[in-house]
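The values are calculated or read from the model by the stated rules, or taken from the named source; none is laboratory data. Treat the numbers as computed from the prediction; the structure is a model and nothing was measured. Here the Cβ positions follow ideal geometry from the backbone for every residue, glycine too, while neighbour counts run over all protein chains shown.
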Amino acid sequence: MQDKILSLLTEINDFEIINKETLEQFKRNYTSKKGIITTLFEELKQLDKSEKALIGKSLNELKRRAEEKERYYQEKFETNYSREPYDLTLKGITQSEGSRHPIQITLHKIIKIFSEMGFQIAEGPEIEDDWHNFTALNFPHNHPARDMQDTFFLENPNYLLRTHTSSVQVRLMEKKELPIRAIMPGRVYRNEEITARSHCFFHQVEGLVVDKKVSYADLKQTLEWFVQKLFGRDTKIRLRSSYFPFTEISAEVDITCFICGGNGCSVCKHSGWVEILGCGMIDPQVLINCNIDPEQYSGYAFGLGIERITMLLHKITDIRLMDQNDIRFLKQFHYFSLS
Ligand code: PHE
C-alpha cells in the first residue's frame, strides 16, 4: 500500500490542471467521496494496527497535498472567471504630483526671456582645461582665482571643475560661427566653505554676444529688458564699475530691491539695491585668444548666479536648501512649476 501511495503522490503532482474541466477531473479522481483517496482510507481500516499508524500518516499527507492543489486551482479559476474583475468600491491610490526644482523654474524663466530676444542656448563641459577656464580669459598665472583655495583641480592640474560658465564663452568663440548670440546655463564649482550664503557648487547663466558694432549701450539695454521681465516692469538697474580679467569695461549690475521697492529692507541690507550679475565688454585680447579680429568684431558678456536670483525671487535665506532635496522645501514650488 505504501508503494501505491507513493506512486499516487507522483501522479497527483504531475496531473496537469489547465481549466475547470481538468480541475473537475482531478476532484473525481482523487479528492471526491468516490475518489481514490477515500477508497484508500477504507482499505486502511482493514490493516492491522502495526501498519495503520505509518501508512495512515502517508495517506494523510497524500490527502493534504491533493486538497491543497485542488484549492489552489479552485481559487485561481474563481478569480479569473467567476468574480467581478474590478472592485469599484475600492479607494483609489492617490498619486502625489511632483514639482520642478526652484533652480529649474528660474532657469526656465531666464531661458524664455532670452530666447524671445533671439538668444540661442549652448552648453559646455563641467570638467574644463586651464585654457578655457582661465588662460584664454586673460587670467594672469598668479591670479587668486586659480588658487587651490578657489578651484577644484583634478589629479592632472591642467584639468579642473569649471569655476564659472565663462569657459563656454571661449568654446563658442573658438567655433567662430559669427555672429554669436547665446546664453549658456550650467553648474559651476568653487572650493568654498558651505554656509547659508555660499556653496561649493552652484549654477550660472552666461550670456555672450559677438557681432560687428556691439556696444555697451546694447548690453545695458538687453540687461534692463531682462531684469524688467524677470522682476517686474518698475525695476531699475544700476551698473557699478567693477573688474573681471576678460571684460573691459566691466560692471556689476544692481537692481532696485523688488521686495521693498527701494525703500530698504533686510534683503537689500537697507540700501534699496541688490546685486544680481557681473558683465562687461569682451576684452579685445580675449577675442584675439579665440582668433576673432577685434578690429572687426566686438561683444559683451554677462554672468548671473541662478541660486542668488532664485533666493531673491522666493525670499529663500539659506542656499543649502537648494541641494538638500527636502520635500517640505521642494513642494512649496508646486504652484510655480505650473507657470
Ligand atoms: N564669470 C564671472 C563670475 O563668475 C561673471 C561674469 C561673466 C562677468 C561674464 C563678466 C562677464 O563671477
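Let's see how each residue does on (1) of a type in the set (A, V, I, L, M, F, W, C); (2) closer than 15 Å to L137 by Cα:
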| residue | (1), (2) |
| --- | --- |
| G262 | no, no |
| I292 | yes, yes |
| L312 | yes, no |
| T317 | no, no |
| Y335 | no, no |
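Checking T163, T195 one by one, the residue that is in contact with a strand residue (DSSP E or B) (Cβ under 8 Å, 6 or more places away or on another chain) and in a loop (DSSP other than H, G, I, E, B) is T163 and no other. Restricted to the range 252-285, and to residues there that are more than 35 Å from the chain's Cα centre (by Cα) and at pLDDT 90 or above, the residue that is nearest to the ligand (Cβ to nearest atom) is D283.
The one condition from (1) in contact (Cβ under 8 Å) with a residue 60 or more places away in the chain; (2) part of a strand (DSSP E or B); (3) of a type outside the set (D, E, K, R) that V214 does not meet is (2).
When residues in the range 230-256 are screened for being of a type in the set (A, V, I, L, M) and touching a Gly at 6+ places or on another chain (Cβ under 8 Å), 3 of them pass. Selection over the range 224-249 of residues that are of a type in the set (K, R), more than 14 Å from the ligand (Cβ to nearest atom) and either part of a helix (DSSP H, G or I) or modelled with pLDDT of 95 or more (or both) gives a count of 2. Among residues of the range 160-179 that are within 11 Å of the ligand (Cβ to nearest atom), those with a beta-carbon under 9 Å from a residue that is part of a loop (DSSP other than H, G, I, E, B) and among the aromatic types (F, W, Y) at least six positions away or on a different chain give the pairs T163/F134; T163/F152; S166/F246; S167/F134; Q169/F246.
So that you can scan it fast, the table gives a plain yes or no per residue for (1) free of Cβ contacts under 8 Å to residues at least 40 places away in the same chain; (2) among the hydroxyl-bearing types (S, T, Y):
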site	(1), (2)
I249	yes, no
W273	yes, no
N289	no, no
S298	no, yes
F302	no, no
I306	no, no
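Answer yes or no as to whether I183 is more than 12 Å from the ligand (Cβ to nearest atom), at pLDDT 95 or above and at negative phi. In short, no. Scanning the range 213-223 for any residue that is more than 15 Å from the ligand (Cβ to nearest atom) and of a type in the set (S, T, Y) turns up at least one such residue. Determine if the range 314-330 includes at least one residue that is hydroxyl-bearing (S, T, Y), under 20 Å from the mean Cα position of the chain (by Cα) and under 27 Å from S99 (Cβ atoms). No; the residues of the range 314-330 include none that is hydroxyl-bearing (S, T, Y), under 20 Å from the mean Cα position of the chain (by Cα) and under 27 Å from S99 (Cβ atoms).
If I ask for residues that are outside any loop (DSSP other than H, G, I, E, B) and surrounded by fewer than 16 Cβ atoms within 10 Å (Cβ to Cβ), which ones from the range 146-157 would you list? Passing the criteria: only F153. In summary, helices (runs of 4 or more DSSP H) completely within the range 27-143 and bearing 1 or more residues that are more than 26 Å from the chain's Cα centre (by Cα) and surrounded by 12 or more Cβ atoms within 10 Å (Cβ to Cβ) occur at 36-46, 49-77, 130-133.
Applying the set (1) touching a Phe, Trp or Tyr at 6+ places or on another chain (Cβ under 7 Å); (2) in a loop (DSSP other than H, G, I, E, B) to I316 leaves exactly one unmet item: (1). A single member of R162, R187 is of a type in the set (D, E, K, R) and in contact with a helix residue (DSSP H, G or I) (Cβ under 6 Å, 6 or more places away or on another chain), and it is R162.
Within the range 278-312, if we keep just the residues that are within 29 Å of I255 (Cα to Cα) and in contact with a Pro (Cβ under 7 Å, 6 or more places away or on another chain), the residue that is surrounded by the fewest Cβ atoms within 10 Å (Cβ to Cβ) turns out to be P284.
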